[in-house]
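Below is one structure, written out as structure tokens, with a few remarks after it.
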Amino acid sequence: MSTERDPVDDECVLIVAPTRRDGEITRELLARASIKSLVCSGPKDLAERLDARVGALLLTDHALVDGQIEALLTALGQQAEWSDVPVLVLSRDRDQSPPAARVLDLMTNVTLLDRPTSTRAMVSAVQSALRARRRQYQIRDQIIERMRAEQALRDADRRKDEFLATLAHELRNPLAPIRTGLQVLTRVRSGAPEAIRVLAMMERQLEQLVKLIDDLLDVSRIATGKVVLQRERVDLGNVIDAALEGTQPFVDAAQLEVRVERPDQPVWVVGDASRLAQVMSNLVHNAAKYTPKGGRIRISLQREGAEAVAKVVDNGAGIPHEMLEQVFEMFTQIWRVRERAPEGLGIGLSLVRRLVDLHGGSVSADSAGVGAGSTFTVRLPAVESAATVSPNELERNGHALPRRRIRVLVVDDNVDAADALAIQLEMSGHQTRTEYSGAVALQVAHEFQPEVVFCDIGMAGMDGHEVAARLRADRRHASTVLVALTGWGSEDDRRRTRSTGFDFHLVKPVSAEAVDEILARL
């Protein structure tokens, strides 16, 4: 019998048999039914292998009176609340001895089978136990999702409270000098040098106040899907120039050195020039805010394959590793926890990510740690130079609604969400099929042959990751575009969807613009 640490998966059956040969025969019988199993040397070995990923246990009545059975009972008693591993016991006698009966009474999920029994009966019992175990896994996943959601709500509530306090602080910052300026103006004559200086100061503070309100409105517009991008072919280098022009006073006041590195040739993208300038402006402003006087900011631009890549690098305060993803969340203030005075509302980087997402790109943060500076990288789909692209292609890259009717499969166990997306697609002229489970969707895909699949990730039973992996394993769907729909949008979540075969990752609620943008590329 095996004593090595063989790998165990979610549906592996652990076997304890009277003899090595009995165990191997049982394992072979289960293998013929495509059931994974592992033969253990005894109850203690089985207990050491028992964890939340075991499918079921298969024992004989000999194990019930084994001296090591207490180790197994202890392990079973220490399971997570959602877990109750099925135990199948092959017994020669229904009237158990007192020691064996005591053990059976202590097991909470046990099934007795006659011994000897037919292969069909044993396999059927094991399959039934594994089906019950899968339902436990579904409960586990629901608990995990609920815990995540509850934690997310608590975090959001905490950040909201911090935001309201910060908002009051940030509004008072420009209002205080404006109020003082008004009082000064009542005491000096019009056109006096003091009046001119005060008016210039009030103008600067008013601009700061307007930017604050504009950022708040932008976040609201994006969240409600009311932002309409004015798409055109733009040189990202010109966008960076515009962003620097807007942030120059702030950078100069901080006495920072700014260096721009760009290729000789333009780097073209399709997007809203003013919104892209807003992205770069927010990144430069963020870098300047956390870089000490005399520090350096480097802005680089280059084309990498099919992507335009812009980076903003500073040698400032850096970012703690645990905050690299959180910096893009609403109302996040990195240095609040580092006992540094908060600046801004904590919405600038969240706005950056949302605007970049609307452009079909991605943004990420990197830092070697506190005091080591930070790097923000924006990646956008690049397009060819204006001189080599036809007007029709320009329109497609500009993401106007596609004229071609596309076969789209929508997969989501939330019926309302699936139907709503399907209606939206049909109104755009596409041929749409809707399914509410992963397993059925796979069958329909073979018949329907979709060009695009919008698939929810967190479905019960077969989740979106498994649907994508199975579609990618089928040569008939090698060119199918797979789009993940999920409420999770961290970089780890995006990496996982890419690894299982998805081409795009959309965070719910999904905007019509994001859907149209993907379809416009086909």
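The values are calculated or read from the model by the stated rules, or taken from the named source; none is laboratory data. What you see is a predicted model, and the numbers here were worked out from it, not measured in a lab. Virtual Cβ from ideal backbone geometry, glycine too; neighbours counted across all protein chains shown.
Here are the numbers for the structure shown:
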{"item": "Among residues of region 463-478, those that are in a loop (DSSP other than H, G, I, E, B), farther than 21 Å from Ala422 by Cα and modelled with pLDDT of 90 or more, counted", "result": "1"}
{"item": "Answer residue from region 344-358, given it is assigned to a loop (DSSP other than H, G, I, E, B) and farther than 22 Å from Asp492 by Cβ and is modelled with the highest pLDDT among those", "result": "Ile347"}
{"item": "Residues of region 443-462 that turn out to be among the polar types (S, T, N, Q) and either surrounded by 22 or more Cβ atoms within 10 Å (Cβ to Cβ) or in a loop (DSSP other than H, G, I, E, B) (or both), as a count", "result": "1"}
{"item": "Conditions (1) assigned by TED's automatic domain parsing to the domain that holds Phe504; (2) at pLDDT 90 or above; (3) outside any helix (DSSP H, G or I): number failed by Gly429", "result": "(2)"}
{"item": "Boolean, Gln96 is over 30 Å from Met202 (Cα atoms), free of Cβ contacts under 8 Å to residues at least 40 places away in the same chain and not in a helix (DSSP H, G or I)", "result": "yes"}
{"item": "In region 263-295, residue nearest to Val234 (Cα to Cα) [restricted to those that are of a type in the set (Lys, Arg) and under 31 Å from the mean Cα position of the chain (by Cα)]", "result": "Arg275"}
{"item": "Extreme residue, surrounded by the fewest Cβ atoms within 10 Å (Cβ to Cβ), among residues of region 485-516 that are assigned to a helix (DSSP H, G or I) and out of contact with any helix residue (DSSP H, G or I) (no Cβ under 8 Å at 6 or more places or on another chain)", "result": "Asp492"}
{"item": "Residues that are assigned to a helix (DSSP H, G or I) and among the hydrophobic types (A, V, I, L, M, F, W, C), drawn from region 279-315", "result": "Val279, Met280, Leu283, Val284, Ala287, Ala288"}
{"item": "Verdict on Leu482 being touching a helix residue (DSSP H, G or I) at 6+ places or on another chain (Cβ under 8 Å), outside any strand (DSSP E or B) and assigned by TED's automatic domain parsing to the domain that holds Arg407", "result": "no"}
{"item": "Checking Thr111 against (1) in a loop (DSSP other than H, G, I, E, B); (2) within 25 Å of Leu29 (Cβ to Cβ); (3) among the β-branched types (Val, Ile, Thr), the condition it does not meet", "result": "(1)"}
{"item": "So Val126, is it closer than 30 Å to Asp93 by Cβ, in contact (Cβ under 8 Å) with a residue 40 or more places away in the chain and in a helix (DSSP H, G or I)", "result": "yes"}
{"item": "Residue in region 408-417 that is at pLDDT 75 or above, within 20 Å of Ile457 (Cα to Cα) and surrounded by fewer than 14 Cβ atoms within 10 Å (Cβ to Cβ) present", "result": "yes"}
{"item": "Arg476 vs. criteria in the same structural domain as Asp419 (by TED's automatic domain parsing) and touching a helix residue (DSSP H, G or I) at 6+ places or on another chain (Cβ under 9 Å)", "result": "yes"}
{"item": "Residue within region 382-403 that is modelled with pLDDT of 50 or more, crowded, with 20+ Cβ neighbours inside 10 Å and either hydrophobic (A, V, I, L, M, F, W, C) or touching a helix residue (DSSP H, G or I) at 6+ places or on another chain (Cβ under 7 Å) (or both) present", "result": "yes"}
{"item": "Boolean, Gly361 is on the phi > 0 side of the Ramachandran plot, modelled with pLDDT of 85 or more and in the same structural domain as Lys289 (by TED's automatic domain parsing)", "result": "no"}
{"item": "Selection from region 43-61 of residues that are within 25 Å of Ala101 (Cβ to Cβ) and surrounded by fewer than 19 Cβ atoms within 10 Å (Cβ to Cβ)", "result": "Lys44"}
{"item": "Gln278 polar (S, T, N, Q) and surrounded by fewer than 18 Cβ atoms within 10 Å (Cβ to Cβ)", "result": "no"}
{"item": "In region 75-133, residue modelled with the lowest pLDDT [restricted to those that are among the acidic types (Asp, Glu) and under 45 Å from the mean Cα position of the chain (by Cα)]", "result": "Glu81"}
{"item": "Exclusive hit being among the aliphatic types (A, V, I, L, M), within 30 Å of Ala33 (Cβ to Cβ) and part of a helix (DSSP H, G or I), set Ala156, Ala75", "result": "Ala75"}
{"item": "Glu307 among the acidic types (Asp, Glu), touching a residue at least 24 places away in the same chain (Cβ under 8 Å) and in contact with a Ser or Thr (Cβ under 8 Å, 6 or more places away or on another chain)", "result": "no"}
{"item": "Filter result (assigned to a helix (DSSP H, G or I) and at pLDDT below 80) within region 318-332", "result": "Gln326"}
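Every residue, every condition in (1) within 20 Å of Ala514 (Cβ to Cβ); (2) touching a Lys or Arg at 6+ places or on another chain (Cβ under 8 Å), yes or no:
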| site | (1), (2) |
| --- | --- |
| Ile423 | yes, no |
| Ala439 | no, no |
| Leu442 | no, yes |
| Ala445 | no, no |
| Phe454 | yes, no |
| Arg476 | no, no |
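Each row is one residue, and each column tells you yes or no for (1) surrounded by fewer than 17 Cβ atoms within 10 Å (Cβ to Cβ); (2) closer than 23 Å to Gln136 by Cβ; (3) at pLDDT below 95; (4) basic (Lys, Arg).
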site	(1), (2), (3), (4)
Ser2	yes, no, yes, no
Arg5	yes, no, yes, yes
Asp9	yes, yes, yes, no
Leu38	no, yes, yes, no
